[in-house]
Every structure is written in C-alpha cells, then in structure tokens.
1. Please give the FRET efficiency for VAL198 paired with SER14, using the beta carbon to beta carbon distance and R0 = 35 Å, rounded to the nearest 0.05.
2. Over all distinct Cα pairs, what is the inverse of the mean 1/r for the range 100-177, reported as the Kirkwood hydrodynamic radius in Å?
3. Whose amide H sits under 5 Å from the amide H of ILE180, counting only residues 5 or more places off or on another chain, with H placed in the peptide plane?
4. I need the semi-axes of the equivalent ellipsoid of the chain: take the C-alpha gyration tensor, multiply each eigenvalue by 5, square-root it, list largest first in whole angstrom.
5. Return the sequence-ordered ³J(HN,Hα) values of the range 148-157 in whole Hz as given by the Karplus equation 6.51 cos²θ - 1.76 cosθ + 1.60 applied to θ = phi - 60°, using x for Gly and Pro.
6. Per residue of the range 108-117, what does 6.51 cos²θ - 1.76 cosθ + 1.60 with θ = phi - 60° give for ³J(HN,Hα)? Whole Hz please, x for Gly and Pro, Karplus curve as stated.
7. How large is ³J(HN,Hα) for each residue in the range 48-64, as worked out from phi by the Karplus curve 6.51 cos²θ - 1.76 cosθ + 1.60 (θ = phi - 60°), to whole Hz, x for Gly and Pro?
8. Kindly express, to the nearest 10 degrees and within the range 0 to 90, the angle between helix 118-131's C-alpha long axis and the longest C-alpha principal axis of the chain.
Amino acid sequence: MYVLIGGAGLVGLSLAQKLVELGHTIAIVDIDPNACRYAREQVGVMAFEGSAVNTEVLLEAGIRKADSVAAVLRSDALNVAMITLARHYGVPHILARSRHRDFVEPLRLAGASHIISTIDLAVSTMVNAIEYPQIESMMHFEQGQIEVFKLSIPKNCYVVERSVAQIAQDPKFPSGSLIIGYQPHPREDLLIPNGSTVLKPDSTVLIVTKPGSVHQIIDFMAGC
C-alpha cells in the first residue's frame with residue numbers, strides 16, 4: 001500500500017517505521033527540514049518538505065495515488081484541513097489523530113474513517129493497568145461492549161494442565177467467554193487453540209468476553 005503521513009513528529013515517524021517493516025511504501029510531509037532529513041536517512045521513507053495542507057505539496061507527495069492517509073499533524077485544526085483535502089482527492093482510507101475530544105466530530109465530518117484520540121487511549125490504558133494489573137494488554141471493541149485481553153498463566157494454578165474444552169465446560173467459567181489464542185512460551189507464536197489444547201504453566205492466553213466478566217475470568221484463570 002502507498003501511505004501518506006502528514007506530520008513527522010514522534011507519532012508520524014514511529015508509524016512510518018512500523019509500516020515500512022510491514023512492507024508498505026511510505027511518504028511523509030512535514031514543514032521541518034530536519035524531521036524530513038531524519039525520515040529519509042533513518043527511517044528510509046520518502047519525505048516532502050512543506051505544509052501537509054498545501055495542495056501543491058500533497059500532489060507532489062502523491063496523494064492522488066495514496067491508498068491511505070494518516071493525519072498526525074501538530075494541531076487538530078490542521079488535521080481537519082488535511083483530511084478534507086484527502087477526501088477531495090479521493091483517498092479511500094483516511095485516519096486522524098485527535099488531541100482534544102472537541103475535534104472528534106469535526107474530524108469525522110471532514111471524512112476521517114478512523115479517529116484515534118490520544119487522551120482517550122492514554123486514559124483507557126492507564127485505567128486498565130490500575131483495574132486489571134494481571135492483564136498484559138487489553139483491547140475494546142464495539143464501544144466497549146467486547147473486551148479482548150492477554151493473561152499469563154502462573155504455575156500451580158487452577159487451569160494449568162487443563163484443556164480448553166474442560167475450562168469452557170467448567171460452571172465457574174463465565175458464559176459467553178472464549179479462549180481465542182494460546183502462546184505456550186513468550187518466544188513462540190500465538191496459536192489458535194482447539195478444545196484439546198492443554199494450558200501449560202507460564203503460558204499466555206487471549207480471551208474475549210464482556211466487560212462485566214473480566215474480573216470473574218481473572219479470578220477463575222489465575223486463582224491458585
């Protein structure tokens with residue numbers, strides 16, 4: 001995919017680096033010549049010096065052929081402007097970073113198909129770390145109606161040496177919850193388990209459930 005990123009700050013450069021590793025072709029637009037030089041020399045992407053809300057610069061950067069545009073500029077107002085131009089030039093997939101909640105709706109109206117709120121993301125991550133310290137990571141779907149989280153299995157605990165089918169049939173295991181991933185060891189790949197998969201100590205599971213069942217699953221899975 002050809003991805004055009006507006007903004008060569010920390011988020012823009014980190015996003016570019018990750019997308020390059022995944023094999024995508026990346027172009028960055030930024031007004032800072034030093035940031036553009038860094039993007040070319042250290043990240044290995046095309047970088048165009050100039051404003052990401054300047055039509056000439058965007059055309060030079062190839063916005064007409066872009067499969068995706070990511071607006072991560074220094075202000076939400078600039079992101080709104082860039083998204084509007086991206087929509088004008090027919091970019092099919094447009095993403096935006098939002099610093100302030102007041103701009104979420106304007107970004108959506110401007111044409112952003114995905115909006116990532118840095119405040120909401122940071123708050124949600126910290127709340128999860130406080131509320132569920134046992135969980136390695138958690139993701140929310142459908143406006144928080146579904147939770148997917150990663151949980152380590154300590155030694156000598158209730159679920160060790162039990163199969164996924166046995167766990168699912170246990171009356172203490174919350175209904176509507178599923179083990180959808182299994183990682184036998186941190187250095188091994190995540191697997192899709194079946195009913196006969198047996199959980200080993202120091203392994204990790206990926207579980208999908210409803211928000212109200214998270215604490216129940218933690219108590220059930222990690223209870224020693």
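1. Numbers: r = 38 Å, r/R0 = 1.09.
It comes to 0.35.
2. Details: mean 1/r = 0.0635 Å⁻¹.
One over the average 1/r among Cα pairs gives 15.8 Å for the range 100-177.
3. HN-HN under 5 Å from ILE180: LEU206, ILE207, VAL208.
4. Working: eigenvalues 362, 72, 43 Å².
So the equivalent ellipsoid measures 43, 19, 15 Å along its semi-axes.
5. After applying 6.51 cos²θ - 1.76 cosθ + 1.60, I find 10, 9, 10, 9, 7, 9, x, 5, 6, 10 Hz.
6. Values, residue by residue: 5, 5, 5, x, 5, 8, 9, 10, 10, 8 Hz.
7. Result, rounded to whole Hz: 10, 7, x, 7, 6, 10, 9, 4, 5, 5, 5, 5, 5, 7, x, 5, 5.
8. 20 degrees
No lab work stands behind these numbers, since they all come straight from the coordinates. Keep in mind that what you see is a predicted model, and the values were worked out from it rather than measured. Cβ: placed from backbone, ideal geometry, glycine included. Neighbour counts: every protein chain shown.
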